[in-house]
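In what follows, a single structure is set out as structure tokens and then discussed.
What follows draws every value from the coordinates through simple rules; no lab data is involved. It should be emphasised that the depicted structure is a prediction, and the values quoted were computed from it without experimental measurement. Backbone-built Cβ (ideal geometry, glycine too); neighbour counts: all protein chains shown.
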Amino acid sequence: MKTIKSIITSAFMLLLCLSAQAQAQTSQFAGEDKEVMALPDSSQTVEIGLPGNTSEYCYTWTGEDIKTDVHQPTVTVNPKKASNTYRVTRTGPCGVEEDEVIVTLKDSAGIVSVKPLKCCYSAGDAISIEDFEIVTEPTGYESMVTLSPTTARNKAEWIGTEDTQDITFKLEYNGKTSTKVVTVKVFNDDLAMTAGQQSLSLKDFIKDLEKVKKQVAKGQKLADMLSSLSSAATPCKPEANLDFAFPAGRSLKSCCNGKEVDGFSIDGPAITLGITVECDFPTSLTIPVIGGGLYINVAVGVGAFVGPFNFKYLGKECTSATIPFGLYANVSGGLKFKVPDEDILSMQINVVGEAKSSIVWVVGEGPQWHPLDLTITAVGKVVLLYGLVTEQISYPLMSVSLFN
């Protein structure tokens, strides 16, 4: 019986070994080939091999710069050549097996591909590295990639329904640089307009126009009252002004949460109400017989503005309503030459200083304060024959924003 059991056991072990050998031909117990980045001090390390049952097998690793126990299923090595081969011998119930793994040392990392995760941007949007799927060679260096620029192109730089912008991705490692350029689509909501048609009720329009005419008439009354306060002997002349801009509508193509959308925008009225007091103080320089001459011109103005209101529909998530309002004040001083009827001929040059601040209220988000803008401008103006010829030239001297 012992002989029969021994034969059965030997046959069973033979089958197991044959099966194990067949499996060993298709498996790698040395692990997959690997790549590792070179460090300036050559201290780079990488773990190779595969975890195994050490009670059944005995391992022996050979190769350069093995840092851990060579009789373990996995070892840590310190490769220093471009290509490093490590061999492992595994001894077990079925005999001796051999396998090897190659570790490649790379001296620089590169960007393999960059895939945008957003279809588009709106002008002024932030461009983040998280907006792209980046693959590096070797892998694991995606977090070191930077991009430029980080803001979608500003609307002041281009005009059109849509535009493209190049984004440069850069990976610097070990003194070497890898770059890749990706082009993204940018929409400008304010300038991206096509010929849009909006329905308008004539009856409602006439009603609204009547309301506007009444408000303009009230403004004119105020202007007449202020003008009546001045006389020919008074060098100062107060004036009131009311400006009203009618609304307009347009259709537009835009970007909402990284997706292209079609929508429309309606600009509401813009109203500016101001009061200006202008004074012309005569000098000793006059024109004989004709009259008139050189005057010192000083003007002070204050006012308020509301609008233009804006309602923008770009789908459920990106619809917004904006209501700007603010105050302004200006003061100017300079020289003015005029004949007795200044509408026939007047020429002047002034230095104008203006302060302007505003609040933009985005419905649902609350007010957003804009900075206090201070400007100083040189202005030259000529009026001839009751405005038949009017020329004005402005030259900015200084501009600064406070509290931004």
About the Cα centre, charge dipole magnitude for segment 110-187 (Lys/Arg +1, Asp/Glu -1 at Cβ), debye: 100
Computed label-point distance, nm, for sites GLN72 and VAL339 using a 7 Å Cα→Cβ extension: 10.4
Fewest-first sequence of PHE403, PHE187, PHE29 by Cβ atoms within 10 Å of each Cβ: PHE403, PHE29, PHE187
Label point distance in nm, LEU397-LYS80, each placed 7 Å from Cα along Cα→Cβ: 7.2
Gyration tensor verdict on segment 110-150 (Cα atoms; rounded if a/c is under 1.5, prolate if a/b is larger than b/c, oblate otherwise): prolate
Cleavage-rule hits (GluC sites (Glu not before Pro)) in segment 319-368: DSSP loop, at most 12 neighbouring Cβ within 10 angstrom: GLU365
Extension reserve of the VAL96-ALA355 stretch, reckoned as 0.36 nm per residue once the Cα distance is removed: 84.3 nm
Around LYS381: net Lys/Arg minus Asp/Glu count, Cβ-Cβ under 14 Å: -3
Three-way shape call for segment 357-400 based on the alpha-carbon gyration tensor, with the a/c threshold at 1.5: oblate
Environment charge of ALA82, counting only residues whose C-beta is closer than 12 Å and scoring Lys/Arg +1, Asp/Glu -1: +1
Environment charge of ASN257, counting only residues whose C-beta is closer than 13 Å and scoring Lys/Arg +1, Asp/Glu -1: -1
Within segment 389-404: backbone nitrogen closer than 19 Å to the LEU374 label point (7 Å, Cα to C-beta): 396-404
Lysine pairs within segment 110-187, Cα separation less than 16 Å, 8 or more sequence positions apart or different chains: 6
Order of SER357, SER113, SER143 - criterion: other Cβ atoms within 10 Å of each residue's Cβ, fewest first: SER143, SER113, SER357
Residue list for segment 256-283, given a label point 7 angstrom along the Cα-to-Cβ vector of GLU239 and an amide N cut-off under 17 Å: 272-281
